Every structure is written in structure tokens, then in C-alpha cells.
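What follows is a single structure, written as C-alpha cells, with notes after it.
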Amino acid sequence: MADKGSFDVRHQSGFPIVALICFFLLYLPIGALVVYAFNAGASVAIWEGFSLRWFTIAWNNEQVLEAAWRSLRIATSAAFIATAAATMAALATTRTRPYRGLNAKYAFLNMPLMVPEIVVSVALLIFFSRIKLATGYTGLGYLVAAHAAFCIPFAYLPIRARLEMTDLSLETAAADLYATKWQAFRWITLALLWPGILAGLMLAFVISLDDVVITEFVKSAGQDTLPTYMLGQLRRNVTPEMNAISTVFLLISVGIVTLFFIVSRKRN
């Protein structure tokens, strides 16, 4: 029980009701989107009966499948690259004594979180356009590199938080038992760090999967991802097909979060 002099917002009168109203208003648009994904008619505002026709239409749409497969390839590649870079950065900034310039490195690593995404997109567009002119290469490598660079801080934060919670004495004990640096990292540090790495990987994957702004600026012709394809369709004609695709996106995100919860719970 909290002290009489302490303040806890959860114990204030009306807090549960206000919290429920806020959650209801936040999730109401998402609920409406999911409901109208099963609409039999072509309207996204008038209910005409239950049907799975729009999921079937989306599944048989070659452009949707191509964009979805491209999104998964880019997100998977970018997530692994960002997580590997974030893991090395977290080790370099936590397994060391404080020194001058360390805070500057923190700020540099987290800069994509503070700088508006449109600014990052324009900078990447200018940078990659020079490379395209010099090399003639216009493949998906630019999108993978751009997504990986943007996702590094999202992977870095949970990995660093996990490292800061890890007891350094375990690694010291391994060294006292004549373990090499690689053995100590593999059997001690990496084993304890794995939940944080998994969290960073999943977060980077989701961030890359639904990115629109950076992709819109960096992509070349014919390189639409699923979010940019949906944005283009919404500018032309809004049908429940977009609701169906968004519902599948939502299920994927919920599945990833659920999987992470189960895995992290087992690891604990």
C-alpha cells in the first residue's frame, strides 16, 4: 500500500474510466478497419454483409504479392544488419569505462529517433542519388541500407538496456577460469544478451516493414513495397481490399509481439 503522502495516479478517482475511454478511442479506428475488411460490398463506410472476398482479391493480386514479398525481403535483411550493428555498438558503449565523447556517441546512435523522418529521407535521397549516378546500380540495396540505418537505434535501445542489466562479474569469472574473450562472449554475454537481441531484431523488422516515408524517397521505379503500394492505391480508389491488407499487417505485428512475449518469458 502506498504511503499517504505519496502520489500515485492509478489510485486517483476516475482513473480506470479515463484510461478505458482513451484505449477505446485509440483502438476504435483500428477495429473499424478490421470490421470493414470483411464487408461484402465495395464501400468502406456502409456494411453490406460478411464476406472474405477482399482477402481473396488481395491474395490473387500479383502486384500485392510482389510488393509484399519485396517488403519481407527488405525488412528481413535490414533487421539483421541493423541488429548486428546495434549489438556491436551496444557492446562498445557499455562494456567500457566512461570516457570523453561517450555521450556524443549515444546521441549519434539515437539521432534517427530525434531527427524528423522527412529530413532523414531527403538526406538519403541526395546521398544515394550521387551513388546511383556514379555506379549505375539501382537495385534494392539502397532500400536495405536506408532501412538498416534508420532501424539501428530501435534495435540498439533494447540491446543496450539488456546489457546494462547483465552482471559484469559473470564475464570476469569466466576470464578467471581461463576462458578466452570469444568464449566468454559466446557462452556468457551472448547467452544473457539473447532476449535483448531478439527484441531489437523484431522491433527493427516491424519498423522496416511498415516504413513509408524513407521508402518513398529512396526507391527506384518498380520497387514499391506493400506500404507504398497501399499509399498509391489510396490516392486512386479506396476499397476494402486495403482494409484486408492492413488487417493482415496487423495480425503479423500482433503475432510478432506475442512470439516475443512467449520467447522472453521462457528465457526468464
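Structure notes:
- Flag if Glu62 is among the acidic types (Asp, Glu), farther than 30 Å from Phe185 by Cα and at pLDDT 90 or above: no
- The one condition in (1) in a loop (DSSP other than H, G, I, E, B); (2) modelled with pLDDT of 85 or more that Phe128 fails to fulfil: (1)
- Residue in the range 137-147 that is of a type in the set (Val, Ile, Thr), surrounded by 14 or more Cβ atoms within 10 Å (Cβ to Cβ) and at pLDDT 90 or above present: yes
- Restricting attention to the range 171-217 and to residues that are in contact with a helix residue (DSSP H, G or I) (Cβ under 7 Å, 6 or more places away or on another chain), aliphatic (A, V, I, L, M) and over 30 Å from Ala75 (Cβ atoms), the residue that is surrounded by the fewest Cβ atoms within 10 Å (Cβ to Cβ) turns out to be Ala175.
- Cβ separations smaller than 7 Å between residues 6+ apart or across chains give the following pairs from the range 76-88 residues that are surrounded by fewer than 18 Cβ atoms within 10 Å (Cβ to Cβ) to residues that are among the aromatic types (Phe, Trp, Tyr): Thr76/Phe205.
- Matching entry among Asn103, Asn39 (being surrounded by 20 or more Cβ atoms within 10 Å (Cβ to Cβ) and over 18 Å from the mean Cα position of the chain (by Cα)): Asn39
- Total residues in the range 1-38 satisfying the condition of being outside any helix (DSSP H, G or I) and at pLDDT below 80: the figure is 11.
- Considered as a group, the residues in the range 230-246 that are polar (S, T, N, Q) and more than 21 Å from Arg70 (Cβ to Cβ) include one that is surrounded by the fewest Cβ atoms within 10 Å (Cβ to Cβ), and that residue is Asn237.
The values are calculated or read from the model by the stated rules, or taken from the named source; none is laboratory data. Being a predicted model, the structure only gives us computed values, none of them experimental. Positions of Cβ are generated from backbone atoms using ideal geometry, with glycine treated the same way; all protein chains shown enter the neighbour counts.
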